[in-house]
Amino acid sequence: MIVTTSSSPDTAIIHDAQRLADELGARYAERGSHSLKRLGTRHKDEQILVVSGHDVRYYDGQEPPLFFHPSMAFVRVKRLLRGETDLMLEVSGCVEGDEVLDCTAGLASDSFVFSYAVGPQGRVTALESEPVLAALVREGLLRYDTGMTDANEAMRNIEVVCQNHETLLSSLDDDSYDIVYFDPMFRQPIHASNSLAPLRQLANHSPLSPASVAEARRVARKAVVIKEHRGSGEFDRLGFEKRSVNTSKIAYGVIKI
C-alpha cells in the first residue's frame, strides 16, 4: 500500500502521511503533480491512502474511495437533540456517564451515537481489527467537522483501538464496561451499495462466537448488545433477546446483566 497526500500539501499533512505510512508498514510517496492513477502505476500498487487536511481516503483500484463520514449516525444524533429516542440506546440502557466497548467499530457510526449519549463524563472505546480501517476511522473522527460543537466533541472523544475483540475481551477485568456492543452485520449487507464495497474488503468477516459473547457478559456491568438483520438466526444461536421495530430491517439483541 502507498500513503500519499492531497495536492499541494502543507508540512502538517506531509508529516501525518509519513506517520501513517510508518504505522501501517506502508510506503510513503510524494504526491507531486501525479494523479492517483499515475502514482499507483508508477509504484505498481493500486491500494493508496490519501491524507488531506479534512479527511483520509482509501482507494483500491476502480472502487470508489472509502473515507469516514458520520452519515446516518449524525441524523440519529440530531434526533436525540430534538428529544427523540434511539432504539440502540433504549435496548442497551445507555445513559450519560456510561462506559461503552464497541467491539466491531467499522466506520464508527454506532460509536458516534453512543459517545454523544454518554457525554464527556462517559467513555467509548471502538475496536477495529483491520489496521487500515482503524487508522482511517481514527483520523476521520479527529478531522470531520459536523458544524455542531457537541457532535464534534462526541467524535473526538471516541478512542479507536486496533485490536481483535476476542483478544481484548479476554484481557479485561470483570465489569470493565457498562455496555459491550457488537455489529457484525457487514457479512450480509442490507444495502447493495458500491460505496461500501471497499469497507467490506477491509472488514473482518468472522462470525461472532459464543466464546466472545461469554467474555462480553463477564466484562459488561449492564448489558451485551448485538445488531443484526431482523430475520437473522444469530439472536437465537447466541442467546440474545431480540428487539425490533416494524419499520426497520435492523434488529437488536440484548443480554441484560
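Throughout, read-outs are computed from the coordinates displayed, never taken from laboratory work. Predicted model, so just to flag it, every value in this text is computed and none were measured. Neighbour counts are summed over all protein chains in view; Cβ atoms, including those assigned to glycine, are modelled from backbone coordinates with ideal geometry.
A few remarks follow.
- Angle between the chain longest axis and helix 72-81 axis [Cα atoms, degrees, rounded to 10]: 50
- Between Val161, Leu66, Gly239, the Cα set farthest toward the positive side of the dipole of the chain (charges on each charged residue's Cβ, about the Cα centre) is that of Leu66.
- A simple charge model with +1 on the Cβ of Lys and Arg, -1 on the Cβ of Asp and Glu and nothing else charged puts the dipole of the chain at about 740 debye relative to its Cα centre.
- Across the chain, the fraction of Cα-Cα pairs farther apart than 27 Å, rounded to a whole number, is 39%.
- Each of the peptides 24-34, 125-135, 209-219 was scored by the mean count of other Cβ atoms within 10 Å over its residues; in descending order, highest first, they stand as 125-135, 209-219, 24-34.
- Nitroxide proxy distance, nm - points 7 Å out along Cα→Cβ at Asp175 and Lys256: 1.9
- Listed values for region 31-47 are Karplus-derived 3J(HN,Hα) couplings in whole Hz (6.51 cos²θ - 1.76 cosθ + 1.60, θ = phi - 60°), namely 6, x, 9, 6, 6, 5, 4, 5, 5, x, 5, 4, 9, 6, 8, 8, 8, and x replaces Gly and Pro.
- Residues Lys222, Lys256, sorted so that the one with the fewest Cβ neighbours within 10 Å comes first: Lys256, Lys222
- Pairs of lysines in the chain (C-alpha under 26 Å apart; 8 or more residues apart or interchain): 11
- Extension gain for the segment Asp150 to Asn164, taken as residue separation times 0.36 nm less the Cα-Cα distance, is 2.1 nm to one decimal.
- Diagonalising the gyration tensor over the Cα atoms of region 2-53 and scaling each eigenvalue by 5 before taking the square root yields semi-axes of 16, 14, 7 Å, largest first.
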